[in-house]
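Q: Provided herewith is a single structure, encoded as structure tokens, for subsequent inquiry.
The values are calculated or read from the model by the stated rules, or taken from the named source; none is laboratory data. This is a predicted model, so every value here is computed, not measured. Note that we place each Cβ from the backbone using ideal geometry, even for glycine, and neighbour counts take in every protein chain shown.
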Amino acid sequence: MDINERIKELRRALSLTQIEFGNRVGISQGHLTGIENGKKSVTDKTIKVISLEFGVSEEWLRTGEGDMFAQTDETIFDRFVAENGLDALDAAIIRAFVKLPIASRHAIVAAVREMAKECAAASGSEMSRADMENIIEDKLAEKGM
């Protein structure tokens, strides 16, 4: 399979029409038809635009080797979110947490561990969810969070 065929395969994998794909990479539908049919060559500029626009591995696009899509931090995180059934809020919390300075992350982890210990100790007395939430809120307030 040559680069022209890989571009066609990519477009189909993305479920885009030639017009939609062409608009996103800055080429006409007619030019894209020529590329996909092997009648037009693919410029380095077009390869780079396709790679950036769709997160495609430039190596795969040029040679067919490796995965179609580049493994960026973003795609790895998106896969993690999907595999673990996380919603948008869960993902936002994780993103915010990892952007914090290491000292802040350690403080949060320590606070959560302390809250978990208190919840576990109190669970022998039929603690309600509201009671656990109150303990957590109190601990966060103590830590200034």
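Q: Taking segment 10-26 only, how many residues are free of Cβ contacts under 8 Å to residues at least 24 places away in the same chain, within 21 Å of ALA70 (Cβ to Cβ) and surrounded by 15 or more Cβ atoms within 10 Å (Cβ to Cβ)?
A: Total satisfying the criteria: 2.
Q: Residues in segment 27-47: is at least one hydrophobic (A, V, I, L, M, F, W, C), modelled with pLDDT of 95 or more and within 24 Å of ARG79 (Cβ to Cβ)? Spell out how you get there, then give the answer.
A: From segment 27-47, those hydrophobic (A, V, I, L, M, F, W, C) are 27, 32, 35, 42, 47; that's our starting set.
Still in the running and modelled with pLDDT of 95 or more: 27, 32, 35, 42, 47.
When the remaining residues are screened for being within 24 Å of ARG79 (Cβ to Cβ), the result is none.
Within segment 27-47, none of the residues are hydrophobic (A, V, I, L, M, F, W, C), modelled with pLDDT of 95 or more and within 24 Å of ARG79 (Cβ to Cβ).
Q: Sticking with this one: What single numbered condition from (1) aromatic (Phe, Trp, Tyr); (2) modelled with pLDDT of 90 or more; (3) touching a Phe, Trp or Tyr at 6+ places or on another chain (Cβ under 9 Å) fails to hold for PHE97?
A: (3)
Q: If you go through segment 98-107 one residue at a time, do you hit one that is hydrophobic (A, V, I, L, M, F, W, C), surrounded by 13 or more Cβ atoms within 10 Å (Cβ to Cβ) and touching a helix residue (DSSP H, G or I) at 6+ places or on another chain (Cβ under 8 Å)? Lay out the reasoning, then the answer.
A: Taking segment 98-107 and keeping what is hydrophobic (A, V, I, L, M, F, W, C), we get 98, 100, 102-103, 107.
Cutting the leftovers down to surrounded by 13 or more Cβ atoms within 10 Å (Cβ to Cβ) gives us 107.
Adding the requirement that they be touching a helix residue (DSSP H, G or I) at 6+ places or on another chain (Cβ under 8 Å) leaves none.
Scanning segment 98-107, I find no residue that is hydrophobic (A, V, I, L, M, F, W, C), surrounded by 13 or more Cβ atoms within 10 Å (Cβ to Cβ) and touching a helix residue (DSSP H, G or I) at 6+ places or on another chain (Cβ under 8 Å), so the answer is no.
Q: Check off (1) without any contact (Cβ under 8 Å) to a residue 40 or more places away in the chain; (2) touching a helix residue (DSSP H, G or I) at 6+ places or on another chain (Cβ under 8 Å); (3) farther than 28 Å from ARG95 by Cα for GLU58 and give me the number that stays unchecked.
A: (3)
Q: Separate question: Considering each residue of segment 35-62, count those that are surrounded by fewer than 16 Cβ atoms within 10 Å (Cβ to Cβ), assigned to a helix (DSSP H, G or I) and more than 25 Å from the chain's Cα centre (by Cα), and give that number.
A: The total comes to 2.
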